[in-house]
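First the structure, in the form of structure tokens, and then the observations on it.
No value in this document is a laboratory result; all are computed from the given coordinates. Remember, predicted model here, so these are calculated numbers, not experimental data. When we count neighbours, we look across all protein chains shown, and the Cβ atoms used for this are built from the backbone with ideal geometry, even at glycine.
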Amino acid sequence: MLRLALPTDPRWAHAAQMDISEILTDHAWCEQKAASAAISLMVQYPEFPELVSQMAALAREEMEHFQRVHQCILDRGLSLGRERKDPYVHALISFQIKQGSKEHRLRDKLLMAALIEARSCERFRLLSEEIADPSLAGFYRELMASEAGHYTLFISLARDLTGREATDVRWRAWLNYEAGQIQKFQSGKGMHA
């Protein structure tokens with residue numbers, strides 16, 4: 001379903017569970033950033049009412065996920081660490097088109113968001129299958145389904161904006177670019193790293 005051009009190395013999940021505190025902290029901040037990104041899209045593109053409605057709902061859901069990850073951290077006697085820069089996301093930002101129509105720039109932001117959600121979904125699946133903690137495995141299985149929904153939402157919004165054919169051509173370019181980037185981020189030190 002996700003059609004990622006390069007799957008995550010399965011060893012990523014093993015490395016991730018070796019430092020669960022780091023993964024949980026990184027995951028919490030990823031959820032917060034996703035909520036902030038949804039709010040930014042509303043602020044930047046208020047003339048698209050469907051986008052505004054969908055992003056308002058998404059921002060609430062992402063903050064609820066942040067709260068749930070934070071509770072997982074507290075339940076394990078850990079504390080939320082500092083926010084980290086996400087080099088994976090910064091690599092994706094560099095691929096966004098900066099010129100062209102407002103619709104094409106928005107489409108690229110939506111496709112980038114879809115790609116981040118797709119990669120998160122894939123990694124949540126790996127964690128749900130590999131992590132030794134049964135409650136965390138169930139949690140990641142649940143979030144996997146949520147991320148898949150976010151992925152399809154962003155793809156649908158992009159297709160509605162600029163048409164299916166043009167969007168799918170650009171989506172393939174995003175998938176190919178991301179495949180080249182993800183090879184650099186397989187260490188298991190973060191959700192996307």
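Of A118, L157, G180, whose Cα points farthest to the positive end of the dipole of the chain (charges on the beta-carbon: +1 Lys, Arg; -1 Asp, Glu; origin at the Cα centre)?
Selected residue: G180.
Based on C-alpha coordinates, I'd like the Rg and Dmax of the chain, in Å.
16.3, 50
Any idea how far the Cα center of region 1-16 sits from the one of region 152-170, in Å?
Here the answer is 24 Å between Cα centres.
Mind putting a number on the dipole of region 16-182 about its Cα centre? Charges go on the C-beta only, +1 for Lys and Arg and -1 for Asp and Glu, and I need it in Debye to the nearest 20.
Approximately 540 debye in magnitude.
Helix-derived [θ] at 222 nm for the chain: sum -39500 (n - 2.57) over DSSP H runs of at least 4, divide by residue count, nearest 500?
It lands at -26000 deg cm²/dmol.
Here is the link list: K85/K184; K109/K189; K102/K184; K85/K189; K33/K109. Which ones come out longer than 20 Å on Cα distance?
Too far apart for the 20 Å limit: K109/K189; K102/K184.
In debye, nearest 20: dipole of region 79-170 around its Cα centre with unit charges on the Cβ of K, R (+) and D, E (-)?
480
Work out Dmax and Rg for region 39-94 from the C-alpha atoms and quote the Rg first, both in angstrom.
So, for region 39-94, Rg and Dmax equal 15.2, 45 Å respectively.
For the Cα atoms of the chain, what angle does the longest principal axis make with the long axis of helix 49-75, in degrees from 0 to 90, nearest 10?
It is inclined by approximately 10 degrees.
Can you give the relative contact order of the chain as a percent, counting alpha carbon pairs under 8 Å and 6+ residues apart?
With pairs under 8 Å counted, the relative contact order is 33 percent.
Grab the alpha carbons of region 1-44, take their convex hull, and tell me the volume per residue in Å³.
101
What FRET efficiency, computed as 1/(1 + (r/R0)^6) with R0 = 25 Å and r the Cβ-Cβ distance, is obtained for L78 and D9, rounded to the nearest 0.05?
In this case the efficiency is close to 0.45.
So what's the angle, to the nearest 10 degrees on a 0 to 90 scale, between helix 164-182 and the longest Cα principal axis of the chain?
Long axis of 164-182 versus the principal axis of the chain: about 40 degrees.
Once you keep just the Cα pairs under 8 angstrom separated by 6 or more residues, what percentage relative contact order results for region 1-67?
Across region 1-67, relative contact order equals 32 percent.
Hey, if you put +1 on the Cβ of every Lys and Arg and -1 on every Asp and Glu Cβ in region 16-182, which of L80, W171, Q32 ends up farthest toward the positive end of that dipole?
The one lying farthest along the dipole's positive direction is W171.
So if a site counts as exposed when it's one of the trypsin sites (Lys or Arg not before Pro), its DSSP state isn't H, G, I, E or B, and it has at most 15 other Cβ atoms within 10 Å, what's the longest stretch of the chain without one?
99-183
Measure nothing but the geometry: give the 0 to 90° angle between the long axis through the Cα atoms of 134-162 and the longest principal axis through the Cα atoms of the chain, rounded to 10°.
Here the helix axis deviates by roughly 10 degrees.
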